[in-house]
Every structure is written in structure tokens, then in C-alpha cells.
Amino acid sequence: MGPTPALILKILACACFGTATAFFVLVLYRVSVIGRGASSAYTGTSMRRADMRRKALAGSPLFRFTIPWLHALSTMVGRLGLEAMYNYVRSPYARAGYPGGLEDEEVVSLGLVLGVATSLFLAYSVALLWQPAMIWLGLFGIPLGFVMLVANLKARASVRETRILRALPYVLDLLVLILRSGTSLSIALARVVGDYDDHPVGEELGQVLAEIEMGAPRIDAFRRFAARLNIADISSLADAIVQSEELGWPLAETLEHLADRLASERILQAQATAGSAGVLVMLPSTLVLASAVLLLFGPLMIRYMQQGGL
């Protein structure tokens, strides 16, 4: 016996409402996300990995238990010459802020451990649910685990970049205010790093300040800062400071003009996002209306069909 008209209408209504819910979730995601930069080719390292490592060791017992085994494994992995994997991991790990303060070899080792664990899980699942002869399909879990690690790093980098972009106008205003008082850029950076100690902006500018204090040229430190994050607004900030250093422009005025431009761009971006949200909401709203109409007038339609109206 085939499905009844009432069941068909219920399925259609549920499908419309479910699709509408999915579209609403997509709209909320599109509205909340700020533009993300493409992957950079950054190949440098951080001078603050040791601090991050100490914080991770102090805050996580699991990390304290895992890191000796991971370090021992990284010693063996480092002898294999997996330079392609290092390059694949280095950029998203840098943009994610070096969580845990791991070295490149340790990150690759962690990816390999996750790959082996995923491979064993897939092999067991295939043998249990399908047939033992297909256990070799578990080998696909080795690259899958490594890709899952990189995807997690990219997701963390995206969240971190959003926080940086939101705090950047306030950081520029603070830098301008301190520079206009007659202090140097290093003192202004130290003040910003102190005020944003637990923020990604403070971590990145702390890296810049550490490089400058170690004797690196200020221009090179800011260029590495821009390459490490690969964000358009951060690149503009680094270019403004570099041009001010090379051409002798007043740095406070340069940063003030940049802050005004970024504020204008954020207003335009917010207006564009609000305009696109209205268009994206139209389709799920129509689907919700269609599901409501089916639920309200469904009984009348069923009675009409049962009476031979068709």
C-alpha cells in the first residue's frame, strides 16, 4: 500500500521547514563571518613558542602527559625529511597562533598519530560492518587524519583572524594616542602588548616587539608580521609603517589615516552584509510559508481528494 496523501503532505511540510532551517543557519553563518584571507606561504617561526608551550603545559594535564611522547616521535619523524608536510602545516599553524607552542616536527608527528588512529578505526569499522577482506580501506585514514588536523588549524586560524580584525581599529587608535604623546613606536607596542596580553593582537605584536628588541630591523619585523597572518588590513598596517620608516612620514598621522580608512571599510562591509542578508532570508522565509500553508490547508486538500475532486 502506497503512502497516503496525509503522509505525503507531512513529508513535504517537514522537507520545506528543514530546508528553511538549513538556509537560516547558512544566513547566520554568512552574516557572522568576516572575509578571510587566502593561505599564505609563510615559512618563518615564532620567538614566543616557548611562552605558549609553558602556558599549555601549565594549563593541561593531558598536554603534559602527551608532549614527551610526541617529542620523542618527532625526533624520529625529523629524520625522514618530510619537508612537504612541514610546508603544508607551517602556514595554517602560524595563522592559528602556534597553539601549544609545538615545533613543526611535533605538529607533523601529531598529524601522523591522528592518521594512524583514524586508519585503525576505519579498518575495524570496515571489518565489523562489511567484510574482513576489505580491511585495506583503513589505509585511507592515514591522510584523512592529517587533513583533519590541518582543517582544525585552519578553523582556529579563521576564528583568530576574526578577533584580530575586530580589535584592530582600537589598537590603531591606541597607537596613535601614544605616539602623539611623544613616545617611540617600541614603547607604544609594549603598551598595546600589555593591554592585549591574552588577545591574538597582543601575541602577534609581542612577536614583532621581541624581534625588534633582539636587533631585527623594524621594517623586516613588520613584513614578517604581515606574511605570518596574510590579512589584507594587517598588510596595510605593515605597509604604512614601512613607508613611514622609509620616506620619513609622521607615523601617527599615517596610522590615523589608516584607522579612518579601516573604519569606513567596516561600515561599508556591514552595509553590504546587511543587504545580502535580506536576499538570503527570502528563500527560507518562502519555504517556511509553504510549509505553514501545507499544514493549515492540508486537511482540506485531503478531504477534497478523498471525495473524488480530482
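Any read-out appearing in this document is the output of simple, stated calculations on the displayed coordinates, not a laboratory observation. It should be emphasised that the depicted structure is a prediction, and the values quoted were computed from it without experimental measurement. Note that each Cβ is placed from the backbone with ideal geometry, even for glycine, and that neighbours are counted across all protein chains shown.
What to note about this one:
- For segment 49-157, the dipole from Cβ point charges (+1 on Lys and Arg, -1 on Asp and Glu) about the Cα centre works out to 360 debye, to the nearest 20.
- Relative contact order of segment 164-265, defined on C-alpha pairs under 8 angstrom at six or more residues apart (%): 29
- Label-to-label distance, R223 versus D195, with points set 7 angstrom from Cα along the beta-carbon direction: 2.9 nm.
- The slack between R180 and A167, meaning 0.36 nm per residue of separation minus the straight C-alpha distance, is 2.7 nm.
- Difference of contour (0.36 nm per residue) and Cα-Cα distance, H257 to V147: 35.5 nm
- What the Cβ-Cβ distance of I267 and V242 gives, at R0 = 35 Å and to the nearest 0.05, is a FRET efficiency of 0.85.
- If the chain linking V293 and A133 were pulled fully straight, counting 0.36 nm for each residue of separation and taking away their Cα-Cα distance, it would gain 52.4 nm.
- Coupling constants for segment 214-231 follow from the phi torsions by the Karplus curve (6.51 cos²θ - 1.76 cosθ + 1.60, θ = phi - 60°), and in residue order they are 7, x, 6, x, 4, 5, 5, 4, 6, 5, 5, 4, 5, 5, 5, 8, 6, 10 Hz; glycine and proline get x.
- Phi to ³J(HN,Hα) by Karplus 6.51 cos²θ - 1.76 cosθ + 1.60 over segment 268-283, Hz, x for Gly, Pro: 5, 5, 5, 5, 5, 5, 5, x, 6, 5, x, 5, 5, 7, 4, 5
- The label-point distance for E213 and V159, in a model that sets each label 7 Å from Cα toward Cβ, rounds to 2.9 nm.
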